[in-house]
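Structure, as structure tokens:
The values are calculated or read from the model by the stated rules, or taken from the named source; none is laboratory data. Note that the structure is a prediction, hence the values are computed from the model and not measured. Cβ placement follows ideal geometry from the backbone for every residue including glycine, while neighbour counts extend to all protein chains displayed.
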Amino acid sequence: MILPGSTIGVLGSGQLGRMFAIAARRMGYRVHTFSPDQDTPTGQIADEEIIAAYDDLDAVRAFARNVSVVTFEFENVSSAAVEAASEFAPVRPGGHVLHTSQHRLREKTFLANNGFPVAPFKRVTSLEELLIAIDEIGCPAVLKTAGFGYDGKGQSKITSPEQAQDALKTLGQQEAILEAFINFEREISVVAARSIDGAFVHYGAVANEHRNHILDITVAPAPIPPEVNQEAVAITRGVLETLGVVGVMCVEFFLTREGKLLINETAPRPHNSGHFTFDASLTSQFEQQLRAVCGLPLGSTELLRPAAMANLLGDLWQGGEPNWAAACAFSNVKVHLYGKLEPRKGRKMGHLTALAATAEEAERLVREARAALTA
């Protein structure tokens, strides 16, 4: 076990690392963060902020020498950097998990080969392959870059074969994956954790609403039948166990209109749709990540009250500083800001979490509180 008083290394320096660092410091750990940026959300909380490129392998090795374990707050880190860090400290989740989840084609291939439910997909490296894939999968379909995409980046919807050439150009002629377009009833996700000894805990299925491909609202628990929730949890457990995850992972699903679950993607780290756990759960997803990577027993995931989370994007600052007092006037709403210096359109600057007697009431409260910021 890596006990309190030890130093945890975090590759990445955004808001996920910030909330992880808060949880770690509360339990008496020290935190070092590594990224190319300075005065970052994680760096503002961490004990030490190391500023270097992820491909500076000597810097990665020096970073790993001074910590007891390395974990991630985002997955777009090269396998070479992971290997360099693992020379001096255990890396959790392991590099193989990162290698699979950070690349859509590897991820979908792994899921399909292991019997997990996914939408039909095809690898695409040329216009000819794209046209063949469209013929097999049909339209509409979604063309995505194979690697390094998030929040809807690197995606293009295709509604007819005539759009194929332009869609491929939009992605920069790089390796891609064509997926069937799913006309879903709703999007849900399950955040879960797995320990070194194989123990598994989860936060249940939550409902997600996206706007412009960016998560907008999460409601916990999701308003779905109990059997769908149980199936989503069972699939999630299977994914974590098959991959051998040690840490936190989120599995995102489409729930089709026929009641079928299809995995959209996975994220081997705490997830935006799990932010509500910081306020509403006995053990947050961030503390759970800490416990898992340090070899400690996992904590209870009990939901203390139904909750809803609303993202705060840089768009809210377009008319000036939001009215924080107006949001704080909602006594059951918590304000979380990430310390980012420049609000930009589409940039995640913070979130609100509302707690209430029912999930429906929590969703109403969080929407009203966010609207009050710019009223």
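Screening the stretch 1-49 for residues that are within 16 Å of Val91 (Cβ to Cβ) and part of a loop (DSSP other than H, G, I, E, B) and picking the one that is modelled with the lowest pLDDT gives Gly12. Consider the stretch 41-93. How many of its residues are under 18 Å from Arg269 (Cβ atoms), of a type in the set (Ser, Thr, Tyr) and touching a residue at least 60 places away in the same chain (Cβ under 8 Å)? Residues flagged as under 18 Å from Arg269 (Cβ atoms), of a type in the set (Ser, Thr, Tyr) and touching a residue at least 60 places away in the same chain (Cβ under 8 Å) within the stretch 41-93 amount to 1. Within the stretch 349-361, the set of residues being touching a strand residue (DSSP E or B) at 6+ places or on another chain (Cβ under 6 Å) and either over 22 Å from Met19 (Cα atoms) or not small (Gly, Ala, Ser) (or both) comprises Met349, His351, Leu352, Thr353, Leu355, Ala359. The criterion of at least 1 residues that are under 16 Å from Ala372 (Cβ atoms) and free of Cβ contacts under 8 Å to residues at least 12 places away in the same chain is met by the following helices (runs of 4 or more DSSP H) wholly inside the stretch 270-339: 324-328. There is at least one residue in the stretch 211-220 that is in contact with an Asp or Glu (Cβ under 7 Å, 6 or more places away or on another chain), touching a residue at least 40 places away in the same chain (Cβ under 8 Å) and exposed (fewer than 15 other Cβ atoms within 10 Å of the Cβ).
Return the residues of the stretch 173-196 that are part of a loop (DSSP other than H, G, I, E, B) and either closer than 18 Å to Leu111 by Cα or touching a residue at least 60 places away in the same chain (Cβ under 8 Å) (or both); say none if nothing qualifies. Of everything in the stretch 173-196, those that are part of a loop (DSSP other than H, G, I, E, B) and either closer than 18 Å to Leu111 by Cα or touching a residue at least 60 places away in the same chain (Cβ under 8 Å) (or both) turn out to be Glu175, Phe181, Ile182, Asn183, Ser195, Ile196.
Among the candidates Phe254, Phe200, the residue that is assigned by TED's automatic domain parsing to the domain that holds Glu265, at pLDDT 95 or above, closer than 28 Å to Val91 by Cα and not acidic (Asp, Glu) is uniquely Phe200. Residues in the stretch 203-219: is at least one at pLDDT below 95 and over 30 Å from Ala354 (Cα atoms)? Scanning the stretch 203-219, I find no residue that is at pLDDT below 95 and over 30 Å from Ala354 (Cα atoms), so the answer is no.
Selection of the stretch 50-96 for residues being touching a helix residue (DSSP H, G or I) at 6+ places or on another chain (Cβ under 8 Å), in a loop (DSSP other than H, G, I, E, B) and of a type in the set (A, V, I, L, M) yields Ala52, Ala53, Val77, Ala89. Hey, among Ala89, Ala81, Ala62, which residue is crowded, with 18+ Cβ neighbours inside 10 Å, of a type in the set (Gly, Ala, Ser) and at pLDDT 95 or above? After applying the criteria, what remains is Ala89.
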